[in-house]
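**Q** Okay, here's the structure, questions in a sec.
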Amino acid sequence: MANFTHLPTIPPPPLFSIYAGDLHHHVTERDLYSLFSIIGPVHNIHLFRHPFSHKSLCYAFIHFYFPHYAAVALNSLNHIELRGKPIRLMWVQRDPVLRKVGIGNLFVKNLDSSVNDAELQEVFGVFGVISSCKIARDGDGVSKRFGFVQFCSEDSASCALSALNGSVLHGKILTVAKFLKKSERKEPQFTNVYVKNLDKDFTESSLREKFSEYGKITSAVIMNDAEGKSRGFGFVNFESHESAMKAIDGLNGAEIGTKKWFVGKAMTKSQRAEFLRRAHIKQKPNVSNLIVRNLASFVTENDLKQVFGAFGNVTFVKVSYRNGVSSGMACICFSKLEEARKAIAFLNGCFYNGRYMSVSLAWHKEEQAKHLQTLLALRYKPPFAYKEKKVRKEVLANKESSCECDVDGFVLVDKPSGNSEWDV
DNA sequence: GATGAGCGC
């Protein structure tokens, strides 16, 4: 019999209320009420909505009159599909520390793509009480073939790990490991080395010879074209990471034959694509581009060229027009970041043609997206005007949302009567 | 090969 006493366990939660997460964004209070009432009398449902747009935040609380029904609902309705998406149920746990400690959290990979959340729960549930489990899916709901199972106790998790790691499910050998955050996981150490700028007559055996002084090699190839001629690059795989590092250190930039070799870590196609994408962003930092907002509609590109030209060399001016009408925004490029900064310091907030101009550095699109994600993660509350604009953008982007209306500059979607709580 | 997100009146 296992000794449970020394292992941490999540304490029993309040027993009337269930948290429902991962909801499809079109799931409504009514959908939830219809579903949960099947089990027993529901006291109320709170589907959380954005305070301005009233779009669903995709999670809800379901309060039952009797804890018994809450428990039954949690067991029998978990992972059921609502509007085509499986819901994920948990006991309400309001203590954020307890929610985030990650007790008993397992990572499962090499799942067959047919395995769904419910089956994952069934297989792992034999070993203890699961607080949350799900399979990672892409935007179309296709399984990414890995998932997460979180047990209420470390003890159950370790039982499941030792029993199920290496076991077979639908013909696939599962890997079960403790879940580690990205920061806790060390990068897999590469052993494969890429070499380019080889002379066309450089052979595999000379390649092997050249690299073997750095350590034991498991394979060395030169890539050929359809006619069997060298394409001038190849791969050398070492037995150890240290040897691979030494080889890069020793041979990168070396002049061999008539060429200067490039030797570096071999990348997969996707890794290389990511690398190039980042390199591209670095190359074009875009930081000397300005966005000007709140311009009067009659301000022209020439006007702006004059005003901004006082601060440096303006290389590009573009006013944004929609249906032939200025939208009050413009992009202005300086040849130097320094000049752009000067223009901001001087012109941002200036009264110009009856309006206060806003002048700020333009973001690179991808960097801005990342920045926004970081802010969201920190639960950053943007300033009012900003939030309003963002909501409008979201609403416009979401063509599926029904009954949009514009009230006092706020875009409201599916505004429920009264408050957003839907009492039954 | 792969390592989420998540909680109020």
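The values are calculated or read from the model by the stated rules, or taken from the named source; none is laboratory data. Given the structure is predicted, the values throughout are model-derived calculations rather than measurements. Positions of Cβ are generated from backbone atoms using ideal geometry, with glycine treated the same way; all protein chains shown enter the neighbour counts. Surface accessibility is based on the protein's heavy atoms, side chains included, excluding ligands, DNA and RNA. Shrake-Rupley method; radii C 1.70, N 1.55, O 1.52, S 1.80 Å.
**Q** From A:Ala244, A:Ala160, grab the single residue that is within 30 Å of A:Ile130 (Cα to Cα), hydrophobic (A, V, I, L, M, F, W, C) and under 32 Å from the mean Cα position of the chain (by Cα).
**A** That would be A:Ala160, the only listed residue that is within 30 Å of A:Ile130 (Cα to Cα), hydrophobic (A, V, I, L, M, F, W, C) and under 32 Å from the mean Cα position of the chain (by Cα).
**Q** In segment A:47-68, what residues are farther than 14 Å from A:Met90 by Cα and either away from DNA strand B (no atom under 13 Å from the Cβ) or among the polar types (S, T, N, Q) (or both)?
**A** Those that are farther than 14 Å from A:Met90 by Cα and either away from DNA strand B (no atom under 13 Å from the Cβ) or among the polar types (S, T, N, Q) (or both): A:Phe52, A:Ser53, A:His54, A:Lys55, A:Ser56, A:Tyr65, A:Phe66, A:His68.
**Q** Pick from segment A:69-80 the residues that are farther than 15 Å from A:Cys133 by Cα and not β-branched (Val, Ile, Thr): which of them is nearest to DNA strand B (Cβ to nearest atom)?
**A** Here the answer is A:Ala70.
**Q** Pick from segment A:329-349 the residues that are assigned to a loop (DSSP other than H, G, I, E, B) and not hydroxyl-bearing (Ser, Thr, Tyr): which of them is farthest from the chain's Cα centre (by Cα)?
**A** Among residues in segment A:329-349 that are assigned to a loop (DSSP other than H, G, I, E, B) and not hydroxyl-bearing (Ser, Thr, Tyr), the one farthest from the chain's Cα centre (by Cα) is A:Gly349.
**Q** When you go through (1) open to solvent by 90 Å² or more (accessible area, probe 1.4 Å); (2) more than 9 Å from DNA strand B (Cβ to nearest atom); (3) touching a Leu at 6+ places or on another chain (Cβ under 7 Å) one by one for A:Lys178, which number turns out not to apply?
**A** Among (1) open to solvent by 90 Å² or more (accessible area, probe 1.4 Å); (2) more than 9 Å from DNA strand B (Cβ to nearest atom); (3) touching a Leu at 6+ places or on another chain (Cβ under 7 Å), A:Lys178 violates only (2).
**Q** Does segment A:196-207 contain any residue that is part of a strand (DSSP E or B), among the basic types (Lys, Arg) and touching a strand residue (DSSP E or B) at 6+ places or on another chain (Cβ under 7 Å)?
**A** Taking every residue of segment A:196-207 in turn, at least one turns out to be part of a strand (DSSP E or B), among the basic types (Lys, Arg) and touching a strand residue (DSSP E or B) at 6+ places or on another chain (Cβ under 7 Å).
**Q** While we're looking at this one, here's another question. Just give me the residues in segment A:312-328 being open to solvent by 70 Å² or more (accessible area, probe 1.4 Å) and not in a loop (DSSP other than H, G, I, E, B), in sequence order.
**A** Within segment A:312-328, A:Thr315, A:Phe316, A:Lys318, A:Tyr321, A:Arg322, A:Val325 meet the criteria.
**Q** Could you tell me which residue of segment A:101-110 is surrounded by the most Cβ atoms within 10 Å (Cβ to Cβ), considering only residues that are more than 7 Å from DNA strand B (Cβ to nearest atom) and in a loop (DSSP other than H, G, I, E, B)?
**A** Checked segment A:101-110; the qualifying residue surrounded by the most Cβ atoms within 10 Å (Cβ to Cβ) is A:Gly104.
**Q** Right, next: In segment A:28-57, how many residues are of a type outside the set (Phe, Trp, Tyr) and in a loop (DSSP other than H, G, I, E, B)?
**A** Residues meeting the conditions: 10.
**Q** Name the pairs whose Cβ atoms lie under 6 Å apart, with the first residue in segment A:81-100 and within 7 Å of DNA strand B (Cβ to nearest atom) and open to solvent by less than 50 Å² (accessible area, probe 1.4 Å), the second assigned to a helix (DSSP H, G or I) and of a type outside the set (Ser, Thr, Tyr), and 6 or more positions between them or separate chains?
**A** Filtered contacts from segment A:81-100: A:Gln93/A:Arg99.
**Q** Right, next: Based on this model, can you work out whether A:Leu32 counts as open to solvent by 40 Å² or more (accessible area, probe 1.4 Å) and either closer than 17 Å to A:Val92 by Cβ or within 14 Å of DNA strand B (Cβ to nearest atom) (or both)?
**A** Against the criterion (open to solvent by 40 Å² or more (accessible area, probe 1.4 Å) and either closer than 17 Å to A:Val92 by Cβ or within 14 Å of DNA strand B (Cβ to nearest atom) (or both)), A:Leu32 does not qualify.
**Q** Just wondering, is there one or more residues in segment A:51-59 that are under 30 Å from A:Val176 (Cβ atoms) and of a type in the set (Ser, Thr, Tyr)?
**A** For segment A:51-59, residues under 30 Å from A:Val176 (Cβ atoms) and of a type in the set (Ser, Thr, Tyr): present.
**Q** Something else now. Go through (1) of a type in the set (S, T, N, Q); (2) loosely packed, with under 14 Cβ neighbours inside 10 Å; (3) in contact (Cβ under 8 Å) with a residue 40 or more places away in the chain; (4) within 9 Å of DNA strand B (Cβ to nearest atom) one by one and return the number of the condition A:Gln150 breaks.
**A** Going through (1) of a type in the set (S, T, N, Q); (2) loosely packed, with under 14 Cβ neighbours inside 10 Å; (3) in contact (Cβ under 8 Å) with a residue 40 or more places away in the chain; (4) within 9 Å of DNA strand B (Cβ to nearest atom) one by one, A:Gln150 breaks only (2).
**Q** Okay, moving on. Six or more apart or on different chains, Cβ atoms under 8 Å: show the pairs whose first residue is in segment A:225-242 and part of a loop (DSSP other than H, G, I, E, B) and whose second is open to solvent by less than 100 Å² (accessible area, probe 1.4 Å).
**A** Once the first residue is part of a loop (DSSP other than H, G, I, E, B) and sits in segment A:225-242, its partners that are open to solvent by less than 100 Å² (accessible area, probe 1.4 Å) give A:Glu239/A:Thr191; A:Glu239/A:Gly215; A:Glu239/A:Ile217; A:Glu239/A:Thr218; A:Ser240/A:Thr191; A:Ser240/A:Gly215.
**Q** What are the pairs with Cβ atoms under 6 angstrom where one residue, in segment A:16-27, is open to solvent by 10 Å² or more (accessible area, probe 1.4 Å) and within 9 Å of DNA strand B (Cβ to nearest atom) and the other, located anywhere, is modelled with pLDDT of 95 or more and of a type in the set (Lys, Arg)? Sequence gap at least six, or different chains.
**A** A:Asp22/A:Arg88
**Q** Could you list, in sequence order, the residues of segment A:153-169 that are within 13 Å of DNA strand B (Cβ to nearest atom) and open to solvent by 40 Å² or more (accessible area, probe 1.4 Å)?
**A** Result: A:Leu161, A:Asn165.
**Q** Still on this model: Looking at (1) at pLDDT below 80; (2) in contact with a strand residue (DSSP E or B) (Cβ under 8 Å, 6 or more places away or on another chain); (3) of a type in the set (Ser, Thr, Tyr), can you tell me which one A:Ser326 breaks?
**A** Condition not satisfied by A:Ser326: (1).
**Q** Condition (residue is within 11 Å of DNA strand B (Cβ to nearest atom), aromatic (Phe, Trp, Tyr) and within 18 Å of A:Ser76 (Cα to Cα)) applied to segment A:130-146: is it met by at least one residue?
**A** no
**Q** Next question, about the same structure. Quick test for you: out of A:Lys246, A:Lys196, A:Lys210, A:Lys259, pick the one residue that is open to solvent by 100 Å² or more (accessible area, probe 1.4 Å) and of a type in the set (Lys, Arg).
**A** A:Lys246
**Q** Filter segment A:68-106 down to the residues that are over 18 Å from A:Phe148 (Cβ atoms) and of a type in the set (Lys, Arg) and list them by number.
**A** Once the filter is applied, which keeps residues that are over 18 Å from A:Phe148 (Cβ atoms) and of a type in the set (Lys, Arg), segment A:68-106 yields A:Arg83, A:Arg94.
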